[in-house]
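Where a number appears in this text, it was derived from the coordinates with a stated rule and is not lab data. Remember, predicted model here, so these are calculated numbers, not experimental data. Virtual Cβ from ideal backbone geometry, glycine too; neighbours counted across all protein chains shown.
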Ligand SMILES: Nc1ncnc2c1ncn2[C@@H]1O[C@H](COP(=O)(O)OP(=O)(O)O)[C@@H](O)[C@H]1O
Ligand SMILES: [Mg+2]
């Protein structure tokens, strides 16, 4: 397995407070890697660090290039899309404008138009709401819009920060099914931060656990499912 | 009845100019959440550039276009050089920078061009006049409407316009989709300066050209922007037209021309008291 993303000794701070103390993991091409961990462990910060949204030190290699210290917009243009904590929807723009913005960095106009239709095929509800202000969408619809907007970048790597947050179990199941299909069809890798560990390990091939800014366990999803500590702390049996 | 119609039409002509300047204020407000007090002086300075070009023998319309272009570039430069460094500074610091910009532009204009009042040409042929409006009033209204229509089309239908709207309302998400937010803000300043330049050139034949020509106009524009909702471009345009018409009607029939500026102040205070978010603006819980 060739690594698409390699992270070593990644540290990050908010002001004077250091939150990540040397994160280390790698993620293969076409892989879905789950990141588990308690509230406040540093999962969101890890994703932010990958996108240059917090002050970071350490090594981040993406598709062979060093991206630590680069500007967020340049990292996005390299092909890393981010569904951020809180969804990051452009609330006052329409659903379709949100999708078009997702593809802002792309030059292939015709493929963009095709991809808008592809998103509508994955999420027909978005098509019904295409001319509606995104702020008026339901929570589930907004999460689907956030995922679609990120995919419109045609990324090599998709970062997902708790996509199941606030969604009904049935909607989560639908969303994860579509993520699996997209991964299988277009081979986009995913780094999936999730509170819902059982479902995340179901979808992912690899996983790691972050505790207070460090990776404490890493392995295949199957290995983590069998791990006693993981089972007790995150799977609840 | 005819006298009323006359005042309404005259009000629309000046109201269009308030509307453009109000729109410039709104564009900056949406990106910075602050009112650019120097917007009027930027327009005044651009009008002097137009005046210099025309005096140097450049034809009116080439001078007009060149001025709009120069104003755009100056607007971008002002953002990059003066506003950028105080991007994350406290509100008061930015307000001081705006006021400093106002004073500097005013004095530099006075220093270069002197404070003597100059006349500024109107490009519109007499044939443009109609029964109730002078050629300049008709022309200014037309030019304003064209500018507003172009801006609408730009923001509504081009990817760059969409990106500028996105960058103003959600910079973090904008960066995540690859938008260079800093440049979008600079472009916003450029566009606002360009729109202001048009307003200046359209109003100068009426109020004459001097370094303080925009102070009253800016007050009306501010009233217009507040009336429409300081974060609503469409509201600013409607607000500008309403303020223009009100100003003329009240000036002609109620309070007389000497007290017209009071209309603007009363409107500003009234709107702030009764409906702080204006009539088209989004109600917002305090930010800053
Ligand atoms: N914007 C911020 N400013 C200061 N501290 C923050 C900020 N965001 C998160 N933190 C702190 O950083 C730590 C890690 O947070 P986070 O990465 O959001 O955790 P997780 O996503 O795993 O719940 C927490 O202690 C949190 O309080
Ligand atoms: Mg989090």
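Here the Gaussian network model covers chain B, with springs between Cα atoms less than 10 Å apart; of B:91, B:242, B:26, B:91 fluctuates the most.
Rounded to 0.05, the FRET efficiency of the residue A:174 and residue B:8 pair, given R0 = 51 Å and the Cβ-Cβ distance, is 0.35. Distance between the modelled labels on residue A:117 and residue B:254, one decimal in nanometres: 5.7 nm (7 Å Cα→Cβ projection).
What are the equivalent ellipsoid semi-axes of chain B, built from the alpha-carbon gyration tensor (square roots of five times its eigenvalues), in whole angstrom, biggest first?
One finds semi-axes of 29, 23, 18 Å for chain B.
Calculated FRET efficiency, residue B:156 and residue B:118, Cβ-Cβ r, R0 41 Å, to nearest 0.05? Using R0 = 41 Å, I get an efficiency of 0.60.
So what's the back-of-envelope 222 nm ellipticity for the protein assembly as shown, counting only DSSP H runs of four-plus at -39500 (n - 2.57) apiece and dividing by all residues, rounded to 500?
Details: 20 runs with 294 residues, N = 525.
Mean residue ellipticity at 222 nm (helix-derived): -18500 deg cm²/dmol.
Entry note, segment B:23-214: relative contact order of 43 percent, from Cα contacts under 8 Å with a spacing of 6+ residues.
Taking every DSSP beta bridge that has both residues in chain A, what percent is antiparallel when rounded to the nearest 5?
Numbers: 25 of 42 bridges.
Around 60 percent of the beta bridges assigned by DSSP in chain A are antiparallel ones.
Reported value for segment A:90-153: 66 Å³ per residue, from the convex hull of its C-alpha atoms.
Summary of the geometry: segment B:259-280 and segment B:209-256, compared by the centres of their Cα atoms, lie 10 Å apart. Taking the Cβ-Cβ separation of residue B:89 and residue B:169 as r and a Förster radius of 30 Å, what is the calculated FRET efficiency to the nearest 0.05? Approximately 0.90, to the nearest 0.05.
Over segment A:165-221, with a single point scatterer placed on each C-alpha, what log10 of the ratio I(q)/I(0) does the Debye formula yield at q = 0.25, 0.26 1/Å? After summing over all Cα pairs, the log10 values are -1.10, -1.15.
Comparing B:156, B:131, B:175 in a Gaussian network model of chain B (Cα springs below 10 Å), the most mobile by mean-square fluctuation is B:131.
Tally the DSSP beta bridges in the protein assembly as shown and give the antiparallel ones as a percent, rounded to 5. Counting DSSP beta bridges with both partners in the protein assembly as shown, the antiparallel share is about 60 percent.
For segment A:24-135, the C-alpha radius of gyration sits at 1.23 times the compact-globule guess of 2.2 N^0.38 Å, with N the residue count. Coordinate range of the alpha-carbon atoms in segment A:1-69 per principal axis, descending: 37, 26, 17 Å.
Computed extension length for residue B:128-residue B:208: 26.7 nm, one decimal, from 0.36 nm per residue of separation with the Cα-Cα distance subtracted. Listing B:155, B:120 from fewest to most neighbouring C-beta atoms within 10 Å gives B:155, B:120. Between residue A:66 and residue A:136, what is the label-point separation in nm under the 7 Å Cα-to-beta-carbon projection? It works out to 5.0 nm between the two label points.
Projected area of the protein assembly as shown, taken from the Cα convex hull and averaged over every viewing direction, in nm²?
On the way: hull surface 114.0 nm².
Taking the Cα atoms of the protein assembly as shown, their convex hull projects to 28.5 nm² on average.
Shape summary of segment B:153-288, radius of gyration then Dmax from alpha carbon positions: 17.4, 56 Å. With Cα atoms as the point set, segment B:127-211 shows a radius of gyration and Dmax of 17.3, 56 Å.
Stretching residue B:60 away from residue B:80 to a fully extended chain increases their span by 4.2 nm, per 0.36 nm per residue minus the current alpha-carbon distance. Largest GNM mean-square fluctuation across A:162, A:194, A:97, computed for chain A with C-alpha springs under 10 Å, falls on A:97. Of interest is the spacing of the C-alpha centroids, which for segment A:156-176 and segment B:116-186 amounts to 42 Å.
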